[in-house]
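The values are calculated or read from the model by the stated rules, or taken from the named source; none is laboratory data. Computed from a predicted structure; not experimentally measured. Methodologically, a virtual Cβ is constructed for each residue, glycine included, from the backbone with ideal geometry; neighbour enumeration extends over all protein chains shown. Ligands, DNA and RNA are excluded from the accessible area calculation, which covers all protein heavy atoms including side chains. Shrake-Rupley method; radii C 1.70, N 1.55, O 1.52, S 1.80 Å.
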Amino acid sequence: MTVDSCVRAEVTSETASDRGPPPGPGPAETGQRVRVLCALAFLCLVVGLLVPQRTLVLVLWSAAAALVGCAGLGLWQLWRGRDAGAALLRAQSDLIMRDPVPCFITAPDGALLASNRAAARRFDLTSGETLAALLRESFANPPALLFRLQSRANASGQAREDLVTRTGHQRLSVHLAGQGRYLWRLESLGDRGAAKGQVGHSLPMLMLGRSDAILSMNEAARQMIGARVKSLDRLFDRLPLPEAGLAEITTEAGPAQVLLLERPAGAGRRALYLLPPPAAALAGQGWQAFQELPVPLLKVAPDGQVQAFNRMAARLVGPGLKEAVHLGELMEGLGRAIGDWIGEALADRRVQKSEFLRLKRADREVFVQVVLNPVTEDGAAALIAVMHDATELKSLEAKFVQSQKMQAIGQLAGGVAHDFNNLLTAISGHCDLLLLRHDQGDPDYGDLMQINQNANRAASLVGQLLAFSRKQTLQPERLDMRDTLADLTHLLNRLVGEKITLTLSHDPVLKPIRADKRQLEQVLMNLVVNARDAMPEGGEIRIVTESCYLEAPLERDRATVPPGDYLTIRVSDEGGGIPPDRLEKIFEPFFTTKRAGDGTGLGLSTAYGIVKQTGGFIFVDSVVGAGTSFCLYFPTLADPAPAPKRAPPRLASGPAQAEDGVILLVEDEAPVRAFASRALRLRGFTVLEAESAEAALSILEDEALAIDAFVTDVVMPGMDGPSWVREALKERPGVRVVFVSGYAEDSFGEIQTRIPNSVFLPKPFSLTDLTETVQRQLHAPLQ
């Protein structure tokens, strides 16, 4: 018997239609009704004797006669029912009498009504009047077990459970037998397990509950311990127990060393095996004693050479496991030499009892948890390595670490982007000021344009960082993907070149989505460019849009897509595919498989951030040698198209016009403040500068000072931008506000909506962006 199948509980049920109509009232209920009718008849007779009116007396005596008749009918039904019940019980008893499995018929309270010959041979039927009393020697807690099964039978007609008992595997089943009776069958499964060559039932085993209570013990464990124990503290001096390793138990014969092995048994229970210690087993039957144990074991020499192993170890480690092979050739991951780890185990200087290692298997990735136990055989030291397959555990741990790493990188990217935006604002801004004094014929004009272009490239790179960290400023709108892809097709065809064919396919019925058109176009361009680079010899790139409805949540790649209507965009190529070990890293920033200089590694991470911030999902499927497919899910819009909004008035193009007005500029970064101040003054504004919110409020204390607009940074030391603006608007409610920030607008969007007459200008901004935004605010109507 394997460890994982030692404990199994199975409950089967049949539908209510298979059980027939519900039974009528039982004998007890019928007798109660007869007693009530008789009491009412007697009461009517007594009242009739006391009442003087003759008419009322006749009515009461008639009622008493009717009640007596009903009581008589009830008595007849009770007698007939008892006779029918006795006949049914005799028929059921005859039916189970020849069954080779012990069978019992009980009342709802567990009282024994009948049993068969197999039950009489196996149990002393005179030792108890209830089934729970008979099963006390076979099960740890019979009343709880019988109540659980009887409750399930009441609900579904039948129930059963398979359990490990002191006599081996037992199956206890119960069926409704009619008229408040239950038919129980106790079947032994020991022969079935032995026929399969399983030996798990012969190992000493304890069944533990959620609170570490000992629910049951098999016969081997009872013989080893010498008594029935119900709690671990009576068996072990040190708690909690390790999952594997040597431990000392207290038995009737005194302390004893055992090798612990714990396995899950379902329903919150755990099977704890008490195996013979390595030294005792080696001294007895030699290494052959470990061959049938349901746990992978290795015997390792002090120099790290494998001396012996059992079948479970060979199955776990793989074909590379052979005698005389060094342990370092089988596993890795300690971060130090295998010999040092073995030396610490031999000297009992281990910092931790177990180590998680990765097996060097070529077919699949397997992690094991290894515990080394020193033993002595014929005066020579050796180690017994107890292994446990920890692949699933390490996979979950790796996913959690990956999630934490991505979150940390996102926070770092957002912070770095904010600082870079301030620097780029100052660089590009002062470059714009210089370009105002140099025309195209100036020798310095080309150098200034190089500075300006590279500053814009750096700003684009910072934008990608913000996109990955999901902190970029979005401008969502209602989009029809057919129109969006039609506008983008010309550019995509130029990107893929002549060797590659770009094919578009649309679902006839596509619902609109809400997304930032510019950002969504960037996602599609990144995916198409990656598909192009995956096919240097040419091929076909397919973009397919479809409408789909998810009736149930879609769970994959650690994400759950809720049910609902979605628009899917699938971008597929015929390239070489992505290896499985790289597939989980492709959305990480700066991870790229291209040569140095061919990519920044931010394309897919940017696409991931944009899709997630839009409220969508992105998944990837890839087969090495067959190609890669990216699938995007976007929730669709069900509401009708809103009325088109009137676009804000734009300033006339051409030479900038001079303006008048007083601007209070609040910026803690001196280079940015210097550029913004000069840019606004060049447009004719009067600019008052403040390096902090507190300084700005100090300037506003002059009531004679008229301010037309506030231009303020959002994040500053001390009081932030929205806070001081709200304070200032209490005394100056009509002042327009322009917020600037290197962070996304979403970081304070809810606060901004509560501040009237305010707009947001993201950094880095150019001279023209700043002056046009301020001019537009001054000319906009008050809200």
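Summary table
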quantity	calculated
Selected residue (only one of L67, L45, L49 is open to solvent by 90 Å² or more (accessible area, probe 1.4 Å), part of a helix (DSSP H, G or I) and modelled with pLDDT of 70 or more)	L49
Test for L131: is it modelled with pLDDT of 70 or more, touching a Pro at 6+ places or on another chain (Cβ under 8 Å) and open to solvent by less than 20 Å² (accessible area, probe 1.4 Å)	yes
Residue within the stretch 191-208 that is at pLDDT below 75, within 27 Å of E323 (Cβ to Cβ) and in a strand (DSSP E or B) present	no
Qualifying strands (runs of 3 or more DSSP E) (wholly inside the stretch 512-563; at least 1 residues being at pLDDT below 85)	554-556, 559-561
V687 being surrounded by fewer than 20 Cβ atoms within 10 Å (Cβ to Cβ) and modelled with pLDDT of 90 or more	yes
Residue in the stretch 315-358 that is modelled with the lowest pLDDT, counting only those that are touching a helix residue (DSSP H, G or I) at 6+ places or on another chain (Cβ under 6 Å) and outside any loop (DSSP other than H, G, I, E, B)	I338
Among (1) within 30 Å of A638 (Cβ to Cβ); (2) open to solvent by 40 Å² or more (accessible area, probe 1.4 Å); (3) without any contact (Cβ under 8 Å) to a residue 60 or more places away in the chain; (4) part of a strand (DSSP E or B), the one test that P508 misses	(4)
Qualifying positions in the stretch 683-711 - part of a loop (DSSP other than H, G, I, E, B), out of contact with any helix residue (DSSP H, G or I) (no Cβ under 9 Å at 6 or more places or on another chain) and either at positive phi or aliphatic (A, V, I, L, M) (or both)	G684, A704, A706
Close pairs (7 angstrom Cβ cut-off, 6 or more residues apart or separate chains): under 19 Å from L637 (Cβ atoms) in the stretch 512-533, of a type in the set (K, R) and not in a helix (DSSP H, G or I) anywhere	P512/R478; R514/R478
Residue check, E701 among the acidic types (D, E) and touching an Asp or Glu at 6+ places or on another chain (Cβ under 7 Å)	no
Filtered residue count, the stretch 716-739, keeping only those that are part of a loop (DSSP other than H, G, I, E, B), within 23 Å of T771 (Cβ to Cβ) and in contact with a Ser or Thr (Cβ under 7 Å, 6 or more places away or on another chain)	1
Top-ranked residue in the stretch 662-682 [being more than 49 Å from the chain's Cα centre (by Cα) and part of a helix (DSSP H, G or I); ranked as farthest from R776 (Cα to Cα)]	A674
Leading residue by the ranking (modelled with the highest pLDDT) among those in the stretch 747-775 that are open to solvent by 30 Å² or more (accessible area, probe 1.4 Å) and more than 22 Å from L729 (Cα to Cα)	E772
